[in-house]
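Below is one structure, written out as structure tokens, with a few remarks after it.
Please treat every number below as a calculation from the coordinates, not as lab data. Nothing here was measured: the structure is a model prediction, and the numbers come from that model. Cβ: placed from backbone, ideal geometry, glycine included. Neighbour counts: every protein chain shown.
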Amino acid sequence: MKLEIDNIFKNLDVKKIDKNTYNKSFLTSLYSEKKHPIVIYGVSRTGLMALCGFENISVKVDYFIDDDVSKSDKNYYGIRNITPEKLSEIDKDSYIFISHVFFDKSLSKLLSLGFKNVYSCVDLFYMTDFSSNFSKDFLSKENPEFSQDFLSSLNPNPVKLEGWVDLHYYNALKFLSLKSKKLIMTNVDFCITERCSMKCKECSNLMQYYENPKNTEENTMMKSMDILMSCVDELLEARVFGGDPFMNKEMYKYVNKLQTYKNIKHIPIYTNAVLMPKDENLECLKNSKVRVHITDYGSKLTRKKDEVINFCIKEGVSWDCDLSGKWETIHTQSGKIENTNETPEVLKDKFSKCCLNNLFQVLHGKVYKCPFSAHGTNMRFFPSSDKYDFIDLFDEKIERSELKRKIYDFYHSDNYLSACGYCPGRGALIRGEPTLEPAIQTKKYLPFEGEKVASNS
């Protein structure tokens, strides 16, 4: 069903979204004047944060809704979860709060079924103190339907929680931009190096296939930043990526450059902490917008974790550290490249369910929709075209105003990519999915077993 934007804006309170003026009166009125069931759409980390928010203001939640059929008719913290197919059981005047970031699909479904009281969780999130003892205790509660890895991921690190709330807010803004035509983006990965401090055999970003990895060419990346950010109205996260960005001795140049753009809120730097940055690369971490995100693969690999964290604590740098946990095969199989020979219908469904279908990456002057597409195209593992798969920021035939429109359309497009035909798929986490030991290392690069394409244009 095609999303009717005007209809949604008529019915959705998120149209007045402003994180600086929380709608406390409406939310608290649910406590005193509850007339209809309260429903949270999404059994996820942010779904539990929404539940925590309601518990904090003594509002009882009646149902969860989740698209994952494996979660159907299970109880989470004593609250029944149902699938959208069973929404006919629910009062049409129910207050439904969408906690996840896929507003358009959920809204389209809810409105088509006659639900009108549909809201985002922005106000609820911003009026909830997730650092309080109440929130910490609530989010650490055990539930048999959740794995320990999932529960530990809810550890209320303030940087992590703020990031999830901001992501929810910016995805609401992104949705609203469908009417305003503003280019509001949640995240863009600026890939400053193909070099990684590890060589994971199952890396879904394809780092294991680089025979001669190199750093980005400085002038190309600097111009790419200028061109892209001249088109973007707001960007939540300008993520400094690789490989491992600590492998680039000139990382500081890019971090300092990103710091100058007023339309960027945060500059996350993602690292395995195998290395400790030095000199200017260490100093640039003190920039006010920077957040250091460490993936912990254990003491044998993530050797400098404590050093990096201690530096961040000492210097007041925002940081977060996540244990790698087990790698679900539904994710890591995307480290393999083969022609799937799937039909357009299957490819479209695969793309719609992919958890990385809008993780933009800037690599060597081009903007891609996901890292698999970016690096696979860069290494010529499969055919790709600037008509469907990427935008060439240096295309002189495109005027700046036209470029913004192209990026906007590309960002909001739900068309599958050429890369989807060579990727096994990367869906949402499913409990019980087979797992792999994380970060199994290969001593040298893995040879590509297929035939490389002549060029990508």
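Tabulated results
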item: Descending semi-axes in Å of the stretch 181-436, equivalent ellipsoid built from Cα gyration tensor; result: 28, 24, 16
item: Percentage relative contact order, the chain, counting C-alpha pairs under 8 Å, at least six apart; result: 14
item: Charged-residue dipole, Cβ positions (Lys, Arg, Asp, Glu), the chain about Cα centre, Debye nearest 20; result: 460
item: Cα-Cα over 20 Å, subset of Lys160/Lys214; Lys278/Lys366; Lys136/Lys160; result: Lys160/Lys214; Lys278/Lys366
item: Lys/Arg +1, Asp/Glu -1 at C-beta; the chain dipole; positive extreme among Met247, Val118, Ser197; result: Met247
item: Given (i) 71, 55, 44; (ii) 63, 44, 34; (iii) 64, 48, 43, the label whose value is Cα extents along the principal axes in Å derived from this model; result: (iii)
item: Exposure proxy order (Cβ contacts within 10 Å, fewest to most) of Met222, Met251, Met379; result: Met222, Met379, Met251
item: Taking the C-alpha atoms of the stretch 76-131, convex hull volume expressed per residue in Å³; result: 110
item: Reachable lysines, given that their alpha-carbon falls under 18 Å from the alpha-carbon of Lys179 and they are not under 8 places away in the same chain; result: Lys2, Lys10, Lys15, Lys16, Lys105, Lys404, Lys406
item: In order through the stretch 227-235: 3J(HN,Hα) via Karplus (6.51 cos²θ - 1.76 cosθ + 1.60), integer Hz, x for Gly, Pro; result: 5, 5, 6, 6, 9, 8, 7, 9, 9
item: Local net charge near Phe311, Cβ-Cβ under 15 Å (Lys/Arg +1, Asp/Glu -1); result: 0
item: Rule-of-thumb Rg ratio for the stretch 290-422 [Cα; 2.2 N^0.38 Å; N residues]; result: 1.31
item: Hits among aspartates and glutamates - C-alpha to C-alpha of Lys92 under 20 Å, sequence gap 8 or more where chains match; result: Glu4, Asp13, Glu33, Asp62, Asp66, Asp67, Asp73, Asp104
